[in-house]
Amino acid sequence: MTDGENLSTIEALFDENRHFPPSEEFKAQANISSSEIYDQGKDMVNYWRTQASRITWKKPFAKVFDWSNAPYAKWYVDGKLNITESALDIHAKATPDKIAYYFEGEHGDTRVITYLDLYKEVCKLANTLSDLGVKKGDRVAIYMGMIPEFPVALLACARLGAPHSVVFGGFSSDALKDRINDASAKVLITCDESWRNGGRVALKELADVAVLESPSIEHVIVVQRTGASVNMIEGRDHFYHDLVTAASDERDAEEMDSEDPLFILYTSGTTARPKGIVHSTGGYAVGAATTHSMVFDIKDGDVYWCTADVGWVTGHSYVVYGPLINGVTSVLYEGVPQFPDKDRYWEIIEKYKVTQLYTAPTSIRTFMKWGTEYPKKHDLTSLKVIGTVGEPINPEAWMWYYEFIGNSKCPVVDTWWQTETGHIMISPLPGVTTTKPGSATVALPGINVDVVDEDGNSVPNGSGGYLVITHPWPGMARTIFKDPDRFKDVYWSKFSKPEENKWVYFAGDGAKKDLEGYIWLLGRVDDVMNISGHRISTLEVESALVDHHAVAEAAVVGRNDPTTGQAIAAFVTLKGNEKGDDALILELRNHVASKIGKIARPASIVFTDELPKTRSGKIMRRLLRDISEQRQLGDVTTLANADVVHEIAERAKASQDKVSSE
Ligand code: WTA
């Protein structure tokens, strides 16, 4: 990797020599406490065959995996199943009264949902969807707040074999519309509104705008959450309770081939067009269940809480499918950590005696900022394992989490994975792996990763490069919806050698192996930013900016931010007579929010007469990053317009953080 900033970060990380082996006490109770599991994982076929017994198969698979059509994998070839039978039916039968979700509303309202309740509700919604014409293979879009009907919606689709396409409730109507149209979804499931930080998000209103330009949508199902009056179009729109209450609570699960798609989830890449990542049924089910059980040391009686929104992949795998297949009790919390006060998470942990917490580094850094008085108000001693995901966690935040949330006794599991990988890939096993603050440690058993140089050669310990995955894995994305060539091109072209039948998955992340072979993630090496653990492409934001009538050209970079990981810094040139003032900054930020969603709003916008470009006309984002982070400017000799950078640097300094990232 050539990126100087990342290398300096890693040098600092390498001074990090603290080791935290699992305590004897933890080991004694852990499901897995011996490193033999890593040896077992080396025999891929046997290992993943064994793990497949976590799933209820309608018909056993003939072969563990088939890589003959690489990079398009097949797992559990010819196996038949419906994932909801593993997630619901077996528990509804064996432990009907066991709690699947403790739902905690943002305003303090609660619901307790048993496995039998969940089973029935899913069957009812599946019957409803079926009555509305949804069949196996049809796509259903879901755009909801964090309420129990959200997991129900995913599971009802899965019951019918209709791939769900969830769009995060923080995305704009434009983003929703694009995703509905790309997937040609037939039905949309949404809410009237959702609660968010004490306020309301008008989901149905946003959905209405999207559906106006989404010809494939035949029906919209609306869950009443706040009871706000919403516009309902006769024949197209239906209230959830009107349909579902009357529906039968039994519904046979559609028999799916292991390779039938389970869901599509859109994610940002290096172009402005989000990619519809397609996940299949059998491999995903095994991968999500195995990793959830092992990484969080899940046991009967645990109360597990993943704070991620179901709208992201973490919610799919670790709020819905993984925990339910493992039959665990989960907390489902609707709102934000600061409502009504900054101790809400800690209050919830105390109230439900949460045993595993899975959250994001950006939240942890925010908690640090708020101070230890908030967690100290509550009894957090029920916690056993605490996890993080979404972005690199800095050692200070790791230590704070370990000390003040984990009471210096809970293993911290820093888990690396992606929408495309489907499930956790690199993470400690809490009863086995010695952790180091800031490192995701090593690949899980049965997963092969490496760090390679520009030519694809494995780098020695102590060096950095690109993170790659060198062997297919069960939950791997199968393709990009309707675009298999793009799938091959984006993920499999950089380091693969098809002529030697060598296929290497490139994750887009930089990483370093330390002297003990531990992996330290360094962030994205492409034009993807990571804002509070959410992937946003620079090009998406640039095209949203250029879409505004005043903007001629825009360049966007992610600059380091102590809380959100990265913050979006935009550089904009305006058309002829436009005036770059504070009012326009506000307008542009709102414009991006309406095009993509609030998470994509630039934290700072600098107006400039020109953008720094190479002689071939390519925008030099590296320089803009230097400027945004107020670093010594790198080499400018290749620029066609070298003087412009100093001017931009002056302006950037003046305007930095004038507008907060909120
Ligand atoms: C980043 C989220 C460092 C990484 C599950 C990856 C991480 C992207 C970690 C995927 C981690 C995720 N340490 N970086 N523990 N976990 N990332 O698709 O850059 O929303 O490529 O999936 O987040 O983001 P995605």
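The values are calculated or read from the model by the stated rules, or taken from the named source; none is laboratory data. The shown structure was predicted, so the numbers you read here are calculated from the model rather than taken from an experiment. Here the Cβ is made from the backbone with ideal geometry for all residues, glycine too, and neighbour counts use every protein chain on show.
Does any residue of region 552-575 turn out to be within 16 Å of the ligand (Cβ to nearest atom), basic (K, R) and outside any strand (DSSP E or B)? Scanning region 552-575 turns up no residue that is within 16 Å of the ligand (Cβ to nearest atom), basic (K, R) and outside any strand (DSSP E or B). Is it fair to say V112 is within 18 Å of the chain's Cα centre (by Cα) and β-branched (V, I, T)? No. Among the residues of region 148-188, those identified as touching a residue at least 60 places away in the same chain (Cβ under 8 Å) and part of a strand (DSSP E or B) are H164, S165, V166, F171. If you filter region 364-385 down to residues that are away from the ligand (no atom under 15 Å from the Cβ) and closer than 17 Å to D561 by Cα, you find that the one that is surrounded by the fewest Cβ atoms within 10 Å (Cβ to Cβ) is K369. Residues that are surrounded by 22 or more Cβ atoms within 10 Å (Cβ to Cβ) and basic (K, R): does region 266-275 have at least one? Yes, because at least one residue in region 266-275 is surrounded by 22 or more Cβ atoms within 10 Å (Cβ to Cβ) and basic (K, R).
Annotation note: Cβ proximity below 6 Å between a residue of region 210-230 that is over 18 Å from T245 (Cα atoms) and a residue that is modelled with pLDDT of 95 or more and among the hydroxyl-bearing types (S, T, Y) (sequence gap 6+ or interchain) occurs for A210/S173; S216/S184. Taking strands (runs of 3 or more DSSP E) as the structural unit, those lying wholly within region 59-121 and holding at least 1 residues that are modelled with pLDDT of 95 or more and acidic (D, E) correspond to 63-66, 99-104.
Considering region 510-545, and only residues there that are over 19 Å from W312 (Cα atoms) and in a strand (DSSP E or B), the residue that is nearest to the ligand (Cβ to nearest atom) turns out to be L521. Checked against (1) surrounded by fewer than 21 Cβ atoms within 10 Å (Cβ to Cβ); (2) closer than 16 Å to G517 by Cα, W416 passes all but a single condition, namely (1). Considering the conditions (1) under 20 Å from F239 (Cβ atoms); (2) surrounded by fewer than 24 Cβ atoms within 10 Å (Cβ to Cβ), G199 is excluded by exactly one of them, (1).
In summary, D609 fulfils each of the numbered conditions (1) at pLDDT below 95; (2) assigned to a helix (DSSP H, G or I) with the single exception of condition (2). Checking each residue in region 378-404 for being more than 20 Å from S532 (Cα to Cα) and of a type in the set (A, V, I, L, M, F, W, C) picks out L380, L383, V385, F404. Do we have T388 as within 16 Å of the ligand (Cβ to nearest atom), within 25 Å of the chain's Cα centre (by Cα) and assigned to a loop (DSSP other than H, G, I, E, B) here? Taking the combined requirement at face value, the residue does not satisfy it. If you go through region 14-35 and keep only what is touching a Ser or Thr at 6+ places or on another chain (Cβ under 7 Å) and either exposed (fewer than 12 other Cβ atoms within 10 Å of the Cβ) or under 18 Å from A440 (Cα atoms) (or both), you end up with H19, F20, P21.
Only one residue in T470, T435, T415 is polar (S, T, N, Q) and under 20 Å from the mean Cα position of the chain (by Cα). Which one?
Numbers: T470 fails: under 20 Å from the mean Cα position of the chain (by Cα); T435 fails: under 20 Å from the mean Cα position of the chain (by Cα).
Just one listed residue meets the conditions, T415.
Taken over region 240-298, the residue count meeting the criterion of being over 20 Å from G390 (Cα atoms) and small (G, A, S) is 10. Run down R615, R589, R631, R651 and say which single residue is more than 34 Å from the chain's Cα centre (by Cα) and in contact (Cβ under 8 Å) with a residue 40 or more places away in the chain. Result: R651 is the single residue among R615, R589, R631, R651 that is more than 34 Å from the chain's Cα centre (by Cα) and in contact (Cβ under 8 Å) with a residue 40 or more places away in the chain.
Taken together, K482, K488, K502 contain a single residue that is among the basic types (K, R), more than 23 Å from Q40 (Cα to Cα), without any contact (Cβ under 8 Å) to a residue 12 or more places away in the chain and away from the ligand (no atom under 16 Å from the Cβ), which is K502.
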